[in-house]
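The values are calculated or read from the model by the stated rules, or taken from the named source; none is laboratory data. Nothing here was measured: the structure is a model prediction, and the numbers come from that model. In case anyone asks, the SASA skips ligands and DNA or RNA and just uses the protein heavy atoms, side chains included. Shrake-Rupley method; radii C 1.70, N 1.55, O 1.52, S 1.80 Å.
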Amino acid sequence: MNEFGGKVALVTGAAGGIGAAVVARLAAGGAAVAALDVDAEGLAAVVKGLPPEGPAARPYTADVSDSAAVDEAIGRIERDLGPIDVLANVAGVLRSGPVTELDDATWAQVLRVNLDGVLHCSRAVARSMAARRTGAIVTVASNAGAVARSGLSAYSVSKAGAAAFTKCLGLELAPYGIRCNVVSPGSTDTPMLGALLDGDAAAAAIAGSPEIFRNGIPLGRVAEPEDIAEVVAFMASDGARHLTMQELFVDGGATLGV
Ligand SMILES: NC(=O)c1ccc[n+]([C@@H]2O[C@H](COP(=O)([O-])OP(=O)(O)OC[C@H]3O[C@@H](n4cnc5c(N)ncnc54)[C@H](O)[C@@H]3O)[C@@H](O)[C@H]2O)c1
């Protein structure tokens, strides 16, 4: 497995469940990986946890919602590792609650991280990808961006926006041979899922909740982070060389083929 040999990949949200799995998958595929997150301690653990015999990942601490910090970090990554060939936008936050109780600060924070963050990172790498006429960008959005979810308005809007942004960017960058795609997970076994559902989060996600019009998961299991990482890696690889502006739902059928 050396489909990313000689390539440099940047993964945001790298200290989280899905981000760490994407780091491990791209590194296993031979990429030199820049692992970026606001959580310096979590990043150190992820980088240290990679198999010692395989390629290493380098940690970079930055807040994706701060465009100057992102530009600075990406400049540093390109100086350390070389030009970025693959960007995986994985960083995200989830805040839940009904619209009637949603305050301005929460709304703004979710959009700043989940939507502005995707703009900041994609714009910074796209400039040098366009000059080199090569690259792949994969944004991890959510199936909540495609179907209405009770108590998740800010999150859903941020993910629908991130998906739409990534497709627009794909159209702008297609003449340069750069592909931009979206991977939209459903319930995945990470700390984020635990924060959303009380008690046995996996069982609750699989069963669904008719009282809040929430579908269950037809395949009867919650995703492992590796299930998402595998599809991100495919979208970033040359195996997907004719795919751009596409959105793949990796949710065990939860969105019923939307
Ligand atoms: N877990 C799920 O069920 C699920 C479902 C659909 C979509 N997603 C999406 O997958 C992505 C990864 O989620 P996860 O489940 O691994 O969650 P997670 O909470 O384990 O990881 C999210 C990571 O993003 C980082 N992050 C948050 N704000 C940041 C910022 N401003 N700058 C840089 N990094 C920041 C966090 O520190 C954390 O390491 C998110 O975008 C999430 O919305 C998750």
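Within the chain, the whole DSSP H helices whose Cα atoms reach 24 Å or more along their own axis and whose mean Kyte-Doolittle score is at least 0.5 are 153-173. Looking at the range 103-258, the accessible area is 45 square angstrom per residue; that uses a 1.4 Å probe and ignores ligands, DNA and RNA.
Please report how far the C-alpha centroid of the range 4-75 lies from that of the range 157-206, rounded to the nearest whole angstrom. About 18 Å separates the Cα centre of the range 4-75 from the one of the range 157-206. The helix-only estimate of mean residue ellipticity at 222 nm for the chain, built from DSSP H runs of length n ≥ 4 each weighted as -39500 (n - 2.57), is -12500 deg cm²/dmol after division by the residue total.
Normalised by the number of residues in the chain, the mean separation of alpha-carbon contacts (under 8 Å, six or more apart) gives a relative contact order of 19 percent.
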